[in-house]
1. Considering only residues that are closer than 13 Å to residue 116 by Cα and in a helix (DSSP H, G or I), look in segment 152-184 and name the one that is nearest to the chain's Cα centre (by Cα).
2. Are any of the residues in segment 138-151 more than 15 Å from residue 63 (Cα to Cα) and part of a loop (DSSP other than H, G, I, E, B)?
3. Take the conditions in contact (Cβ under 8 Å) with a residue 24 or more places away in the chain and either in contact with a strand residue (DSSP E or B) (Cβ under 9 Å, 6 or more places away or on another chain) or hydrophobic (A, V, I, L, M, F, W, C) (or both) and apply them to residue 80. Does it pass?
4. Regarding residue 36, is this residue at pLDDT 75 or above and part of a helix (DSSP H, G or I)?
5. Among the residues of segment 96-103, is there at least one that is under 27 Å from residue 195 (Cα atoms), free of Cβ contacts under 8 Å to residues at least 60 places away in the same chain and either part of a helix (DSSP H, G or I) or in contact with a Pro (Cβ under 9 Å, 6 or more places away or on another chain) (or both)?
6. Determine whether residue 10 is modelled with pLDDT of 75 or more and over 14 Å from the mean Cα position of the chain (by Cα).
7. Does residue 21 satisfy the criteria of being assigned to a helix (DSSP H, G or I), modelled with pLDDT of 90 or more and in contact with a helix residue (DSSP H, G or I) (Cβ under 7 Å, 6 or more places away or on another chain)?
8. So how many residues does segment 57-95 have that are in a loop (DSSP other than H, G, I, E, B) and within 19 Å of residue 28 (Cα to Cα)?
Amino acid sequence: MDAPAAAAEHLALSADLQRVLDEHEGAPITLGELREALGDRGFGLSMLLLSLPSALPVPAPGYSTPFGIALVGLAVQMMMGRETPWLPAKVEEFELSAGAAAKMLGAAIGFLSRIEHLVKPRGRWVQTRWGLFVPGLLVVLMGSLMILPIPGTNTAPAGTIFLIGVGMLEEDGLLISGATLLAAAAAALYGGAVYFLVTAGLSIEETLGKVKGFLGL
């Protein structure tokens, strides 16, 4: 396969998402249907789709906790060496309304179209057993943070998982390595929230305000 053909193969995700969005315009779609329509892309695609609702900088009530649990399950499967992802039927049957699908997929298409020229296969260590273990461990940590019922703090961990999913899809070890920086920021945000809750006896809203102020957010 020549270089242009290989590049086209690796830059197809935003176009595929747009195709699915066009085909389901005005109609709801389940996660299982979405995964099927996008083809077999392994753990990376599942992680990208499950992290997307919470990765958006807008409220996504009802998504973070169940999707966080599913993401932890996916990561454990990956760390154990499973080659193909398995999701419970309830997760596969989770339905996105037409409006939610348009908003979420549209945001993903916009983001991917801006970064696709930067993402490419490099750092092929991600294809090894230990290469899957490292991002898997990060997803377990970030997915666990998503599960915690602390409103307004899911964007950073979900965004980290989203970038890991993109990195896995495009076999970009450098992108996955960079996602560790966002993981550290997310851990700091949650650590600060827990610290203020324990030491100051503040409400969740007051705690988030102080932590975000401390971090300059």
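1. Per the criteria, the residue is 163.
2. No, because not a single residue in segment 138-151 is more than 15 Å from residue 63 (Cα to Cα) and part of a loop (DSSP other than H, G, I, E, B).
3. no
4. yes
5. no
6. Considered against the rule, which asks whether it is modelled with pLDDT of 75 or more and over 14 Å from the mean Cα position of the chain (by Cα), residue 10 comes out as no.
7. Here the answer is no, as residue 21 does not meet what is asked.
8. Result for segment 57-95: 6.
The values are calculated or read from the model by the stated rules, or taken from the named source; none is laboratory data. What you are looking at is a predicted structure, and each value in this text was computed from that prediction instead of being measured. We place every Cβ from the backbone using ideal geometry, glycine too, and count neighbours over all the protein chains shown.
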